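To start, the structure itself, in structure tokens.
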Amino acid sequence: MKIKLKYKLTLIYSFLILILILIIIFSSNQVFMSNFDDYVKHKQTEEIQNIIDQVSILFYDNKAPNYEDLYEIGIDALDKGLIITVYIDLDTQLICMSDDLSSESKEMLEHMEDTSKSSHHNSSGNYEENTYEIRKNNIYYGYITIGYYGPIYYNEFDISFFETFKTSIYKIGLIFFILSSIAVYFFASKLSNPIYRISKIATDIGNGKYNKNFELNSSITEIQDLINSISTLANNLEAQRQEKKQLSINYTHELRTPLTCVLTTIEGMQDGVFNITQERLDSLYSEILNISKMIENVDKLIETSNSKIFLNKKIFDLTNLINICIDNFESQFKSKNITLYFQNTSKEIHMINADEEKIKSVLVNLISNALKYTNNDGNVTISTEKSSDFITIKVKDTGIGIDEKDQKLIFNELYRGEKSRVKKVDGFGIGLSICKNIVLLHNGKIDVNSQLGKGSEFIVLLPLESQTTFL
Ligand code: ADP
């Protein structure tokens, strides 16, 4: 059964409070009862002693006390729950209160018995009797038996006092339970309200409303952390949306410029404004080639940015693949008089388990960049190095270098660095994004070290075991 957090918390805590209150009531009852019993017992002992003293005085004064005086003491004792019988010498009975009572007093005795039975003691209702000798200066006068309904006799005042205590403690317990349940509900609401609001915001984010106002604060660290995380998530998603929007604007712009150029040239030719010359046809061809290259690159980018893409992994010789790439670029490097070196530090064949086609794309992009951004007569060095966990591929050039502020951005789509430096060089700003995506798909890492005017070094780390990941 689904239940709201605030109700669940209130129920749980109220239940715990209820148990606590019952434990407190029960234990305070027990403590009170035992102390109350001690008090009543002590009072009863004092009263018994008092009766013995009163009866003794009658004996000392008169030798044989008269019935009326004893009856008065007997009635007085009865009030305190004590039933006396007095004997002179060894067995001459002077008075026996249980026999000599009027019908009214007999009712009182029955009431005493009932009261005693309803008391909390297990042995309640048992009639107990003790005998006390009456002596003075070693002279024996007689004896008195004092009986009561035990083990402890509670008079009406004692019982009402005890009942009042019990009802008060239950009332206090009930009031405390109600107040604490209200307080728990209040705190549970305070705790659950921000969570409820966060969940609403999360739902809105799920529905694409990223730019929601986050005016939510909590004094609870964990909830504040949650609010911050959701807020960061929303901001990141909004930033991504803006970035995507900007990218599509950029792509459209990148495509529109050459397309407009092709279109106006063809229209000019159709209208007879431009002559159809070989030169114009070559220029049109090159523009269309550029557009198709860009579309091809965008295709690759879209393909590699899908993290669920299927990698056609197999074990292949990386050294051999690098050599093939070098051969393919040989003539272009020669035409710029750039020397291309390949250093295999460990001088061994590097067999790796990866998608050969995609790793080739990475190598081609990095080598072609090194070629594009290195002036004539420079050097480009490719090197590989193997450690126990990964293989490192480095492509280093003595080219124009990359400004420090651009070094982190060049892996972003369509980012081409400072225009004044790269405008003479053909490109779309997509190659390195493709490289980064491919390397990440292989759980690897790509980085750049560069110094403006001195050259750049691109470093690719590929894990040898597919489980190893670079963070
Ligand atoms: P493109 O080369 O088509 O512009 P890339 O994504 O391959 O796109 O590179 C992005 C940017 O990184 C380039 O525009 C350039 O500014 C910079 N860059 C890449 N490689 C090098 C390099 N070897 N030397 C200097 N700058 C480079």
Test: residue in the stretch 162-184 that is free of Cβ contacts under 8 Å to residues at least 40 places away in the same chain, surrounded by 13 or more Cβ atoms within 10 Å (Cβ to Cβ) and closer than 21 Å to V40 by Cβ: no
Only one of I349, I322 that is more than 16 Å from the ligand (Cβ to nearest atom), within 27 Å of E413 (Cα to Cα) and in contact (Cβ under 8 Å) with a residue 12 or more places away in the chain: I322
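Each row is one residue, and each column tells you yes or no for (1) open to solvent by less than 80 Å² (accessible area, probe 1.4 Å); (2) more than 47 Å from the chain's Cα centre (by Cα); (3) of a type in the set (V, I, T).
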| residue | (1), (2), (3) |
| --- | --- |
| Y210 | yes, no, no |
| Q224 | yes, no, no |
| L255 | yes, yes, no |
| N275 | no, yes, no |
| I302 | no, no, yes |
| S307 | no, no, no |
So K334, is it touching a helix residue (DSSP H, G or I) at 6+ places or on another chain (Cβ under 9 Å), more than 17 Å from L461 (Cα to Cα) and open to solvent by 50 Å² or more (accessible area, probe 1.4 Å): no
Candidates D89, D61, D69, filtered to the one that is closer than 21 Å to K136 by Cβ, of a type in the set (D, E) and touching a helix residue (DSSP H, G or I) at 6+ places or on another chain (Cβ under 6 Å): D69
Failed item, numbered, when D389 is tested on (1) surrounded by fewer than 21 Cβ atoms within 10 Å (Cβ to Cβ); (2) within 12 Å of the ligand (Cβ to nearest atom); (3) at pLDDT below 90: (2)
Single match in G431, G399, G417 (criterion: within 10 Å of the ligand (Cβ to nearest atom) and on the phi > 0 side of the Ramachandran plot): G417
The one condition in (1) surrounded by 11 or more Cβ atoms within 10 Å (Cβ to Cβ); (2) part of a strand (DSSP E or B) that L284 fails to fulfil: (2)
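This table checks each residue for (1) open to solvent by less than 60 Å² (accessible area, probe 1.4 Å); (2) under 23 Å from the mean Cα position of the chain (by Cα); (3) at pLDDT 85 or above.
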position	(1), (2), (3)
F186	no, yes, yes
G206	no, yes, yes
N217	no, yes, no
L247	yes, no, no
For K436: the one exception among (1) within 11 Å of the ligand (Cβ to nearest atom); (2) open to solvent by less than 30 Å² (accessible area, probe 1.4 Å): (2)
Of all residues in the stretch 359-381 being more than 11 Å from the ligand (Cβ to nearest atom) and among the hydroxyl-bearing types (S, T, Y), the one that is nearest to I315 (Cα to Cα): S361
Residue in the stretch 404-413 that is nearest to the ligand (Cβ to nearest atom), counting only those that are open to solvent by 40 Å² or more (accessible area, probe 1.4 Å) and touching a residue at least 40 places away in the same chain (Cβ under 8 Å): E413
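Yes/no matrix, rows are residues, columns are (1) farther than 30 Å from S168 by Cα; (2) assigned to a helix (DSSP H, G or I):
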position	(1), (2)
K2	yes, no
L9	no, yes
F15	no, yes
I19	no, yes
D38	no, yes
K41	no, yes
S56	yes, yes
F59	yes, yes
Residue that is most open to solvent (accessible area, probe 1.4 Å), among those in the stretch 112-161 that are at pLDDT 85 or above and farther than 30 Å from P65 by Cβ: F161
Single residue of V448, V422 found to be modelled with pLDDT under 90, surrounded by fewer than 19 Cβ atoms within 10 Å (Cβ to Cβ) and either of a type in the set (A, V, I, L, M) or near the ligand (Cβ under 10 Å from one of its atoms) (or both): V422
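The values are calculated or read from the model by the stated rules, or taken from the named source; none is laboratory data. Just so we're clear, the structure is a prediction, and the values are computed from it rather than from any experiment. Heads up, the Cβs are rebuilt from the backbone with ideal geometry, glycines too, and the neighbour counts pull from every protein chain shown. Just so you know, the surface numbers come from the protein's heavy atoms only, side chains and all, with ligands and any DNA or RNA stripped out. Shrake-Rupley method; radii C 1.70, N 1.55, O 1.52, S 1.80 Å.
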